[in-house]
Amino acid sequence: MPQKRRYSAHRNYRCKRSRKNNNTTLILLSIVAVFVISFFGYSRYVQYKRETQVEMVQQSHTAFIKKISPYAVELGQTYGVLPSITIAQAILESDWGSSTLASQYNNYFGIKGDDPSNTKVLQTKEYTDGQWVTINGRFRVYSDFRESMKDHTKLLVNGTSWNSQQYKQVLQSKDYIDAAVALQADGYATDPGYTSKIIRIIQKYNLKKYDEGIK
């Protein structure tokens, strides 16, 4: 007479537990896989976004230099002001043409004025007595950026109303480093780091090439 097969309850329990553990392991592995894929996918997205933003900034900077450099060279040939200085000052003073003064009033150099009919009162920061302070200044309003650039050049050439020779050292400089130092020494800006900022901009964007042929 055939005997009935007997199953061990303990063995059956172990099989169920093993299957349960396997299922749990598979779930955990799936969660880890999803996390890894999501993480690296997000990392690639962040990297791509960062690279895209950097590229857009570089393109806008290149476009700005391309926009103003021809007229800077033309002014340099006419008046003797180094184009690299003009371009670097425009970049620094206007924040690549994005400042309110530049974008709305075409004033790329922070040039002030007295006539209410062609000026606008805006807040600005100046370095006074060892610290930055916010003041209200009256700034020139221009019809386009070329008018602003020409006024800046004429300021360096003709000086101020109280000192026609104020920027004489800038005009006499045939090297952008000497000219940047002269700007600071002649009182163009109150920022104690103005000279180093101008020099860094010229070197970073190779603006010296625009000085070739300027006597």
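Estimated at 0.36 nm per residue, the fully extended path between Lys208 and Thr24 surpasses their Cα-Cα distance by 59.6 nm.
As a calculated quantity, the FRET efficiency between Lys154 and Gln53 at R0 = 45 Å, using C-beta atoms, amounts to about 0.75. Straightening the chain between Thr124 and Tyr79 buys 13.3 nm, computed as 0.36 nm per residue apart minus the Cα-Cα spacing.
Bear in mind that the values in this text are calculations on the coordinates, not laboratory data. Treat the numbers as computed from the prediction; the structure is a model and nothing was measured. Reconstructed Cβ throughout: ideal geometry from the backbone, glycine too, with neighbour counts over all protein chains shown.
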